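Notes follow once the structure below has been shown.
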Amino acid sequence: MEAMVLPQINAHFEPAIEPPSTVIVAGGRAPGISWLREVCCSRDVWAVDRGLDSCMSADIVPSLFIGDGDSVSRKAMRWSQLKRVTSILFPPEKNLTDLQLALKEAGGKGSSAIITGAFGGRFDHLFANVYSLIWAEEEWGPRVRCMADEKEVFFLIRGGESLSLSGLERGTVFSTLALSEECSGIDMKGAKWQVKGGRLLLREPFAISNILSGDAEGALFDRTPLRVSLSSGWLGVYFMTSLSAEQDQKGRF
């Protein structure tokens, strides 16, 4: 079972999902340059509007630019022209967001992808980004099960699947979020707390700030795996890579 490899973590899906062949760099918070270079190594790279600025800063030449050009800098656009980057341009007034257009394009090419540059900024953008991954897979076919940068990682799993993560520090805080009306049959190994009855509802998002307990098979002194599975629904698994339980308690309201 081949892993989805990120600089800070490895992820395995079961049934197996083809490892992402493409990195889509969106226009949210710019990922760190070294992290972006590592995650893009040996992968095709697409830039979505202002994500082109992130590519330029990291000196990563994307194979494709998609967007309406309303947030990308003129400097980055000139750079992409000099680098002969293929562009698919859209008018600002359109029905789909730039990222949704990229996901639709990925579906047409049969691409699997990781998205970065998805965090930071406006809540409505982040909300749309998360649900666009589900919409895109069900409507157009691309499997985009991860949004990540060096600070935050968000995975998607659907009913009948399991997600195994390795490389996490013992005590790392993570959350599980129902993204459909109901998620059932949720089971976790390596977590301090189980979801009561294995059931989460979209309108009752209580399963946040769980902790990696280190009691899963394969746990080391300071590293521990996590396995999450469910029977039905769409479930999100989120964590900040540097957030420990102690830091989480200090940051609570």
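What follows draws every value from the coordinates through simple rules; no lab data is involved. Fair warning: this is a prediction, and the values are worked out from it, not measured in the lab. Quick reminder, even Gly has a Cβ in these numbers, built from the backbone with ideal geometry, and neighbours come from all protein chains shown.
Some points to look at:
- Local charge for ARG199 was computed over the other residues whose Cβ lies under 12 Å away, with Lys and Arg +1 and Asp and Glu -1, and equals -3.
- Between SER180 and ASP59, the distance separating the two model label sites (each 7 Å from Cα on the Cα→Cβ line) works out to 4.6 nm.
- Out-of-range pairs (alpha-carbon distance over 29 Å; input LYS109/LYS189; LYS151/LYS192; LYS109/LYS196; LYS109/LYS192; LYS83/LYS109; LYS94/LYS151): LYS109/LYS189; LYS109/LYS196; LYS109/LYS192; LYS94/LYS151
- Within the chain, longest stretch free of exposed GluC sites (Glu not before Pro) [DSSP loop, at most 13 other beta carbons within 10 Å]: 3-92
- Placing pseudo-labels 7 Å out from each Cα toward the beta carbon at TRP140 and PHE123 gives an inter-label distance of 2.7 nm.
- Environment charge at ALA128 (Cβ cut-off 12 Å; Lys +1, Arg +1, Asp -1, Glu -1): -1
- Estimated FRET transfer efficiency (SER73, ASN10; beta-carbon r; R0 45 Å; 0.05): 0.85
- This model, with +1 at the C-beta of Lys and Arg and -1 at the C-beta of Asp and Glu, gives the chain a dipole about its Cα centre of some 440 debye.
- Among GLY107, HIS125, VAL5 the positive-end extreme of the charge dipole of the chain (Cβ point charges): HIS125
- Farthest towards the positive end of the charge dipole of the chain, among the residues PRO15, GLY67, ALA148, is the Cα of GLY67, using unit charges on the Cβ of Lys, Arg, Asp and Glu.
- Amide H contacts of ARG143: ALA113, each under 5 Å away and 5 or more positions distant or on a separate chain (H built 1.01 Å from N in the peptide plane; Pro and chain starts excluded).
- Counted charge near GLU14, where neighbours are those whose Cβ lies closer than 11 Å (Asp, Glu -1; Lys, Arg +1): 0
- When DSSP beta bridges are restricted to pairs lying wholly in the chain, around 70% turn out antiparallel.
- Put a plus charge on the Cβ of each Lys and Arg, a minus charge on the Cβ of each Asp and Glu, and nothing anywhere else: the dipole of segment 19-144 about its Cα centre is then about 460 debye.
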